[in-house]
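Okay, so here's the structure we're looking at.
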Amino acid sequence: MAWLGHVMRMEGKKRVPKRVLEWKTTGRRNTGRPGKRWIEDVEEDIQRMGIRGWRKLCKERTEWKRITEMAKPHSGL
């Protein structure tokens with residue numbers, strides 16, 4: 001989660017970590033359930049914690065620090 005906040009605060013869309021975070025696969029996959037992307041897994045954890053509007057919150061460094069500290073002892077993540 002800390003890394004997510006760091007990358008989301010990066011300026012510009014050309015930065016490689018930000019492009020990797022927002023990248024979506026193209027083409028065809030094998031049949032069956034598609035695999036989760038890392039961001040989808042993190043969003044699920046954030047939802048379990050009951051946090052709304054995380055994209056705006058991660059822009060505020062102190063608030064995001066508080067959220068990441070809250071997530072460390074949280075059971076089920």
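The values are calculated or read from the model by the stated rules, or taken from the named source; none is laboratory data. Just so we're clear, the structure is a prediction, and the values are computed from it rather than from any experiment. Cβ sites come from the backbone with ideal geometry, for glycine too, and all protein chains shown count toward neighbours.
Key figures
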quantity: Asp45 being acidic (Asp, Glu) and either in contact (Cβ under 8 Å) with a residue 12 or more places away in the chain or touching a Gly at 6+ places or on another chain (Cβ under 9 Å) (or both); calculated: yes
quantity: In the range 21-44, residue farthest from Val7 (Cα to Cα) [restricted to those that are in contact with a helix residue (DSSP H, G or I) (Cβ under 7 Å, 6 or more places away or on another chain) and among the β-branched types (Val, Ile, Thr)]; calculated: Val42
quantity: Residue within the range 45-59 that is surrounded by 14 or more Cβ atoms within 10 Å (Cβ to Cβ), in contact with a Lys or Arg (Cβ under 8 Å, 6 or more places away or on another chain) and of a type outside the set (Phe, Trp, Tyr) present; calculated: yes
quantity: Single unsatisfied condition, Trp54 versus (1) modelled with pLDDT of 90 or more; (2) on the phi > 0 side of the Ramachandran plot; calculated: (2)
quantity: Within the range 1-56, helices (runs of 4 or more DSSP H) holding 1 or more residues that are under 16 Å from the mean Cα position of the chain (by Cα), within 17 Å of Met70 (Cα to Cα) and of a type in the set (Gly, Ala, Ser); calculated: 2-8
quantity: Residues of the range 61-76 satisfying the condition of being of a type outside the set (Lys, Arg), out of contact with any helix residue (DSSP H, G or I) (no Cβ under 9 Å at 6 or more places or on another chain) and not in a helix (DSSP H, G or I); calculated: Pro73, Ser75
quantity: Inter-residue pairs, beta-carbon under 9 Å, first surrounded by 10 or more Cβ atoms within 10 Å (Cβ to Cβ) and in the range 62-75, second in a helix (DSSP H, G or I) and acidic (Asp, Glu), 6+ apart; calculated: Ala71/Asp45; His74/Asp45
quantity: The range 24-50 - residue that is among the hydrophobic types (A, V, I, L, M, F, W, C) and out of contact with any Leu (no Cβ under 7 Å at 6 or more places or on another chain) and, of those, nearest to Glu11 (Cα to Cα); calculated: Trp38
